[in-house]
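Step one of this worksheet: look at the structure below.
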């Protein structure tokens, strides 16, 4: 598991990676501002979850921002 933080808006995400399931290389885009955060090249199955930065309860996360890749 690792964390990603958007440099544009400060939204943070937990990303879990499977060690046994194959996935596809992918890009991760911030659900809040739409900025491309990273390209993940390893073919692994990943699930991400947005976590709110400390003191920031004003984010609105659209439901389509919950990605599984």
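Quick notes
- The residue that is modelled with the highest pLDDT, counting only those in region 44-58 that are within 15 Å of residue 4 (Cβ to Cβ) and assigned to a loop (DSSP other than H, G, I, E, B), is 52.
- A count restricted to region 1-29 and to residues that are part of a loop (DSSP other than H, G, I, E, B) and either in contact with a helix residue (DSSP H, G or I) (Cβ under 9 Å, 6 or more places away or on another chain) or touching a residue at least 60 places away in the same chain (Cβ under 8 Å) (or both) stands at 0.
- Residue list for region 30-43, restricted to those being surrounded by fewer than 15 Cβ atoms within 10 Å (Cβ to Cβ) and either assigned to a strand (DSSP E or B) or touching a strand residue (DSSP E or B) at 6+ places or on another chain (Cβ under 9 Å) (or both): 35, 36, 38, 39, 41, 42, 43
The values are calculated or read from the model by the stated rules, or taken from the named source; none is laboratory data. Since this is a predicted model, take the numbers as computed values, not measurements. All Cβ positions, glycine included, derive from the backbone under ideal geometry; neighbour counts span all protein chains shown.
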